[in-house]
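Following: one structure in structure tokens, then a few remarks.
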Amino acid sequence: MDPSLFHPDFKARPYWWDAIDMGGDDPADALPAKADVVIVGGGLTGLNCAIELGRGGAKPLVLDAEPLGFGASTRNGGGVSGGNNVGKGLSGAKGRQSPEEMRDWLRAIMGDASEGLAHIEALVQREGIECHYARTGRFVGAWTPKHYAGMAAKIDVLNEFAAADAHMLPRERQREEIASDYYYGGMVVNRTGKIHPGLYHRGLMAAARRHGATLLGRTKAGALTRISEGWRVETSRGPVEAREVVIATNGYTGSLTPDLRRRLIPVASHIIATEELDPALAASLIPKQRTLADSRRILTYYRMSPDNRRVIFGGRARFTQVTPEVSAPILHAMMLQRWPQLKGTRITHAWTGNVAFAFDYLPHMGVTQKGLHYAMACNGAGVAMLSYLGAELGKKLLGKSNRMPVFDGRDFPTRPLYTGQPWMLPMVGNWYRFRDWLDRRAA
């Protein structure tokens, strides 16, 4: 590795894992013979579902083939969306509905999406989860003047239907939010937050156990067979019977549920963490301690670490899984484009996690034709959205929901011949890079 780029103590693993025990075995709970609900997937969706089930008196069992939290739940950037990340999914209604119906559509989709933030804030407070949560807001940089105009055209919709508390910030005032002239101004969205993903996940595990859930990592779910009283689930530790089964695997959905797999596009997202910075430099980079993102097709998202000593910088260095030797230099170069003052700063951590996109860019919750419950397709807003949908699914299974989210039971599209293997992603990535270059060149 390049010693000028990689710190001598470099780790090819998430920075967030430094605060949690990811390497050791999960508690060796016994596999029960029966459970009310078996949840396949021990991430944010599965644990939020288990917490709600446990609070309602049910006995859920959460299974994960890897150590609990090994996937994107502890690999993300820690941004908590306030419902402003469903923009691409809204385009599906345009041209097919009257203005009044379109407003109803916006109100339903964006209103439910915005519930994710409220859910996390209430959950963290109720369960006493110490995870550095703060509602700090987000600055979204405009890649071009045209992108700035596009944001400005949408801001009233965000404020009306997602209660985003957003405003535009012109380029001449950009340094109020970021110590950089890289963007053409941007949008400030106050109703968003940030969190320590590792500590949040561990807090969810503790809460789920307090409410009576059994959590088993390193326990792979196998064949799912219908029986008279529900389901028989084969696992690597033996069989278990349950009344219901929940699939909560999102970007790691595999051959166990091929029908769901072919409805998801797993996209790799790569992140680096820098070495500790000079305190004055660190304090200057993001004056208001917000999370940052931009309007490029090749998305970047970044923030300071909870102790405000280092930069956490993520993005689509590649759309597929690659080694840190490939992804880290790309992300480092992107970081220096925004902050040239970080030249010479080395990388201490680099890692990758899978984000799951749906073909319609909307989250989905429902029941398969075989009778399996699911919640998935975060489309890049998984911390808030999948936490919320997991909890809503738990309420649904208990029969305690007053109203189903608009994402429940919607058509979950796929494409002919697609099996869940996204062979097209490298080509999509190259096309997006070209479009970004073309847009910037014309700016």
- prompt: Out of curiosity, is A268 hydrophobic (A, V, I, L, M, F, W, C), modelled with pLDDT under 95 and open to solvent by less than 30 Å² (accessible area, probe 1.4 Å)?
  reply: yes
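If you go through segment 85-110, how many residues are among the charged types (D, E, K, R) and modelled with pLDDT under 65?
Residues in segment 85-110 being among the charged types (D, E, K, R) and modelled with pLDDT under 65: 3 in total.
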statement: Within segment 297-350, the residues that are open to solvent by 20 Å² or more (accessible area, probe 1.4 Å), within 23 Å of the chain's Cα centre (by Cα), closer than 19 Å to D18 by Cβ and in contact (Cβ under 8 Å) with a residue 24 or more places away in the chain are P306, N308, R310, P324
- line: Listed by first then second residue, the pairs whose first member lies in segment 212-231 and is under 23 Å from S255 (Cβ atoms), whose partner is part of a strand (DSSP E or B) and of a type in the set (F, W, Y), with beta carbons under 8 Å and at least 6 positions apart or on separate chains, are L224/W231; T225/W231
- line: Expected output for segment 389-413 (first residue open to solvent by less than 30 Å² (accessible area, probe 1.4 Å), partner among the aromatic types (F, W, Y), Cβ below 9 Å, 6+ apart or cross-chain) is L389/F407; E392/F407; L393/Y374; P405/Y388; F412/F359; F412/Y374; P413/F359
- prompt: In segment 254-278, how many are under 24 Å from P329 (Cα atoms) and in a strand (DSSP E or B)?
  reply: 9
query: What are the residues in segment 361-406 that are out of contact with any helix residue (DSSP H, G or I) (no Cβ under 8 Å at 6 or more places or on another chain), at pLDDT below 95 and farther than 19 Å from I265 by Cβ, if any?
result: G399, K400, N402, R403
field: Candidates R237, R263 - the one that is in contact (Cβ under 8 Å) with a residue 12 or more places away in the chain, farther than 23 Å from V80 by Cβ, among the basic types (K, R) and in contact with a Pro (Cβ under 9 Å, 6 or more places away or on another chain)
entry: R263
- request: Could you please give the count of residues in segment 279-305 that are outside any helix (DSSP H, G or I) and more than 20 Å from D439 (Cα to Cα)?
  value: 11
query: Can you find a residue in segment 359-382 that is buried (at least 21 other Cβ atoms within 10 Å of the Cβ) and of a type in the set (V, I, T)?
result: no
- request: Have a look at E130, E172 and point out the one that is part of a helix (DSSP H, G or I) and either polar (S, T, N, Q) or open to solvent by 40 Å² or more (accessible area, probe 1.4 Å) (or both).
  value: E172
query: Does G82 count as at pLDDT below 95, more than 21 Å from G137 (Cα to Cα) and assigned to a loop (DSSP other than H, G, I, E, B)?
result: no
query: When the residues of segment 175-193 are filtered to those that are over 26 Å from the mean Cα position of the chain (by Cα) and outside any loop (DSSP other than H, G, I, E, B), which remaining residue is surrounded by the most Cβ atoms within 10 Å (Cβ to Cβ)?
result: R175
message: Considering only residues that are polar (S, T, N, Q) and under 9 Å from the mean Cα position of the chain (by Cα), which ones fall in segment 370-406?
response: N379
Pair list, Cβ < 6 Å and 6+ apart or interchain, from segment 177-196 residues that are modelled with pLDDT of 95 or more to residues that are among the acidic types (D, E): N190/D165; R191/D165
Verdict on R202 being at negative phi, modelled with pLDDT of 95 or more, assigned to a loop (DSSP other than H, G, I, E, B) and surrounded by 15 or more Cβ atoms within 10 Å (Cβ to Cβ): no
message: Suppose we filter segment 296-331 for residues that are hydrophobic (A, V, I, L, M, F, W, C) and under 17 Å from L5 (Cα atoms); how many remain?
response: 8
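The values are calculated or read from the model by the stated rules, or taken from the named source; none is laboratory data. Every value quoted in this text rests on a predicted model; they were computed, and no experiment measured them. No Cβ is skipped: glycine too gets one built from the backbone with ideal geometry, and neighbour counts run over all protein chains shown. With ligands, DNA and RNA removed, areas are computed over all heavy atoms of the protein, side chains included. Shrake-Rupley method; radii C 1.70, N 1.55, O 1.52, S 1.80 Å.
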